[in-house]
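A quick write-up on the structure given underneath.
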Amino acid sequence: FGANSSEEEKKIILEKSKLLANASPLAKGVEAQSKEFAVEFSKASSEVRDDKEVALASCQVDGDLLRHCSERLRGDPDVVSKALENFCSALAHTSAQLRGDKNFVLKAVRNNGGTLQHASTDLKNDRDVVLEATKSTWDAFQFASEAMKRDKGLVLEVVKAKAFVMPLISNELKGDREVVEMALTHAQADMPEVWDCIDPNLHDKELLLMAVRGTLEYDVDLGRYCYDEAAESVQSEISWEKLLGAAESVLASPGANVPVLTASLRVDMVDLPDSPKQIVCEAHMLSGTTFSCHLPDEPFVDEYGGERPGPIVSFLAEKLLAEMKAEEATLIHIVFSLGEDVQSVTPWDWDRPLSDFVTSLP
């Protein structure tokens, strides 16, 4: 950095790191400046690279700079956490003690599941750590131990949250019907990838019906793919037209063993004297019943800048369950309007049992 003393060097690093940390990554020249900063930091004096304030500021710019910090600071939880915020592989440069610290690694994998790659061997074989990593980043499951990939209980939880993990589980469990059914239930747009992983010896009309039914509200062509890739013995047993008709029949029938429900929901934000905001909710169920209610709530803004009501989905789910007197049901679609803005929403896990859906909500 062209400094004449460690103090001057530290001052320059802190000033540059602050500017780079606050700059837009897309701004002209920022990428080149960041690369230059990394090179200069790697050449800084050992005294400066052992300064925690400098390490925190530098790792905020680029987590990979942890590799150039002193051995002492590479084992400092604060410094490593800062590096992990923007570079999940920073864990590779830290101490063996931190890589084997379950609480620390759990926090890290919740932020970015890819951190599991550099966790200790013991933690790659730890159910809690692997599950949290996969929930955060689905392909982190590839870094789990072989024992974890064969753990049926864990795999059931994993495919329930991220069905497209199927290619990464053990071949043995790709032939386990319970695991396969769980994956098909939650596959949605990833149905073809999930279907391709299933042991062909399991192919039958019932599994194919699950796959097709699971694509009707998303893209029926995905279901057709599964049919075309199914074992010939299954294709000879039922035509595509009959299979599609059977899936549509299940979708429309509220009397099935696992009822499939649809609902429309009218939501208005209103100001009332005793409450600054309330949601007025009116829902029309498949059975024809209509109910309305008032729920105190504050809307939240989604990633596209649109407002969404807070606990409406869970409230509707509870009402549907109560009305249908069903232990399990499937919520297919919600159509709701927020003020004048009419929207159609299919939750990511639209075919989870409602009882599960409700209890898992924040």
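The values are calculated or read from the model by the stated rules, or taken from the named source; none is laboratory data. The structure displayed is predicted, hence computed values, not measured ones. Quick reminder, even Gly has a Cβ in these numbers, built from the backbone with ideal geometry, and neighbours come from all protein chains shown. What goes into the accessible areas is simple: the full protein's heavy atoms, side chains included, and nothing from ligands, DNA or RNA. Shrake-Rupley method; radii C 1.70, N 1.55, O 1.52, S 1.80 Å.
Of all residue pairs spaced 6 or more apart or on separate chains, those with beta-carbon atoms under 7 Å, a first member in region 213-236 that is within 13 Å of Ala187 (Cβ to Cβ) and a second member that is in a loop (DSSP other than H, G, I, E, B) and of a type in the set (D, E, K, R) are Gly214/Asp351.
For Gln60, are the conditions met, namely being touching a Lys or Arg at 6+ places or on another chain (Cβ under 7 Å) and either open to solvent by 20 Å² or more (accessible area, probe 1.4 Å) or not in a helix (DSSP H, G or I) (or both)? Against the criterion (touching a Lys or Arg at 6+ places or on another chain (Cβ under 7 Å) and either open to solvent by 20 Å² or more (accessible area, probe 1.4 Å) or not in a helix (DSSP H, G or I) (or both)), Gln60 qualifies. Residues that are out of contact with any Leu (no Cβ under 8 Å at 6 or more places or on another chain) and more than 18 Å from Gly175 (Cβ to Cβ) were ranked within region 188-216; the one that is modelled with the lowest pLDDT is Gln188.
Has region 26-33 got any residue that is out of contact with any Asp or Glu (no Cβ under 9 Å at 6 or more places or on another chain) and buried (at least 21 other Cβ atoms within 10 Å of the Cβ)? No, every residue in region 26-33 fails to be out of contact with any Asp or Glu (no Cβ under 9 Å at 6 or more places or on another chain) and buried (at least 21 other Cβ atoms within 10 Å of the Cβ).
The condition (being out of contact with any Pro (no Cβ under 9 Å at 6 or more places or on another chain), in contact (Cβ under 8 Å) with a residue 24 or more places away in the chain, open to solvent by 50 Å² or more (accessible area, probe 1.4 Å) and not in a helix (DSSP H, G or I)) is satisfied by just one residue among Asn4, Asn86: Asn86. The residues in region 132-182 that are in contact with a helix residue (DSSP H, G or I) (Cβ under 6 Å, 6 or more places away or on another chain), open to solvent by less than 30 Å² (accessible area, probe 1.4 Å) and under 24 Å from Ser120 (Cβ atoms) can be counted, and the count is 13. The set of residues in region 221-243 that are within 31 Å of the chain's Cα centre (by Cα), open to solvent by 50 Å² or more (accessible area, probe 1.4 Å) and not basic (Lys, Arg) comprises Asp221, Tyr225, Asp228, Glu229.
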